[in-house]
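What follows is a single structure, written as structure tokens, with notes after it.
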Amino acid sequence: MAMIAPSILSADGSRLGEEIAAVTAAGGDWIHVDVMDGHFVPNLTLGPGLVGALRKTTALPFDVHLMIEAPERFIDAFAEAGADWLTVHVEAAAHLHRVVGMIRERGLKAGVSLNPATPLALVEPILSEIDLLLVMTVNPGFGGQTFIEGSLARIRQAREMIDRIAPSVLLEVDGGVTLQNVRAVADAGADVLVAGSAIFGGGDYGKTIGTMKSLLAAPPTFRV
Ligand code: DX5
Ligand code: ZN
């Protein structure tokens, strides 16, 4: 069954530690941490110092999504901060093999992400050298945006490419995942579902994540 990675971008920033503990207790599988530099995306979030401080608040894996230019400058800092999965954008790294190599040499799992308008073929040459492919289903920068139409077909294509070239690579989907589309996104082939506003925007995190998991676990429905 697909895993759920609550994105703390939509959490209450004045109580981040408590929010992480709450989604941990509520059944989240990974903690998704969005790092933005104000250049690659038009927003700024947090850096390695805060990630390191938050690391103590949960035993769940930290899934760090770097939306920053020249990410090679910060691999060491996020490795020291305790990231478990470290994902860079194909559009932001001039020498992708080198960055992926740096991440893996430090004992972390390496992810590569694509913006919605970037051809999937760009990651084909590196697929067998990474651990995770992150397909963006909104333009990165903000929580609470709408899932881009046509993304289900793109997720299916990414799944097919992974199965053909490197079946052990996990397929993660980020942006606009809600209770309404979570099952369709998983059925299209996603292994990890990031959800920010759908979880933190609702009152009861346990109820939301529980509902997501029951939707994912339900048997397929057949229509005649
Ligand atoms: C967007 C971030 C996402 C964001 C998703 O740039 O990468 O992780 O938190 O938020 P929702 O689930 O609200 O679309
Ligand atoms: Zn993200």
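The values are calculated or read from the model by the stated rules, or taken from the named source; none is laboratory data. From a predicted model like this one, the values you see are computed outputs, not experimental measurements. FYI the Cβ positions are ideal-geometry reconstructions off the backbone, even for glycines, and counts take in every protein chain you see. Areas reflect the complete protein model, heavy atoms only, side chains present, ligands, DNA and RNA absent. Shrake-Rupley method; radii C 1.70, N 1.55, O 1.52, S 1.80 Å.
For segment 11-20, indicate whether the set of residues that are surrounded by fewer than 22 Cβ atoms within 10 Å (Cβ to Cβ) and either polar (S, T, N, Q) or in contact with a Ser or Thr (Cβ under 6 Å, 6 or more places away or on another chain) (or both) is non-empty.
Yes, some residue in segment 11-20 is surrounded by fewer than 22 Cβ atoms within 10 Å (Cβ to Cβ) and either polar (S, T, N, Q) or in contact with a Ser or Thr (Cβ under 6 Å, 6 or more places away or on another chain) (or both).
With respect to ALA184, is the statement that it is part of a helix (DSSP H, G or I) and open to solvent by 30 Å² or more (accessible area, probe 1.4 Å) true? Full working, then the answer.
Values: part of a helix (DSSP H, G or I): yes; open to solvent by 30 Å² or more (accessible area, probe 1.4 Å): yes.
Spelling it out, ALA184 is indeed part of a helix (DSSP H, G or I) and open to solvent by 30 Å² or more (accessible area, probe 1.4 Å).
Is at least one residue of segment 113-132 within 12 Å of ligand 1 (Cβ to nearest atom) and either open to solvent by 50 Å² or more (accessible area, probe 1.4 Å) or without any contact (Cβ under 8 Å) to a residue 24 or more places away in the chain (or both)?
no
Of the conditions (1) open to solvent by less than 10 Å² (accessible area, probe 1.4 Å); (2) within 15 Å of the chain's Cα centre (by Cα); (3) β-branched (Val, Ile, Thr), VAL90 fails just one. Which one is it?
If we test VAL90 against (1) open to solvent by less than 10 Å² (accessible area, probe 1.4 Å); (2) within 15 Å of the chain's Cα centre (by Cα); (3) β-branched (Val, Ile, Thr), just (1) comes out false.
Based on this model, can you work out whether ALA195 counts as surrounded by fewer than 17 Cβ atoms within 10 Å (Cβ to Cβ) and touching a residue at least 40 places away in the same chain (Cβ under 8 Å)?
no
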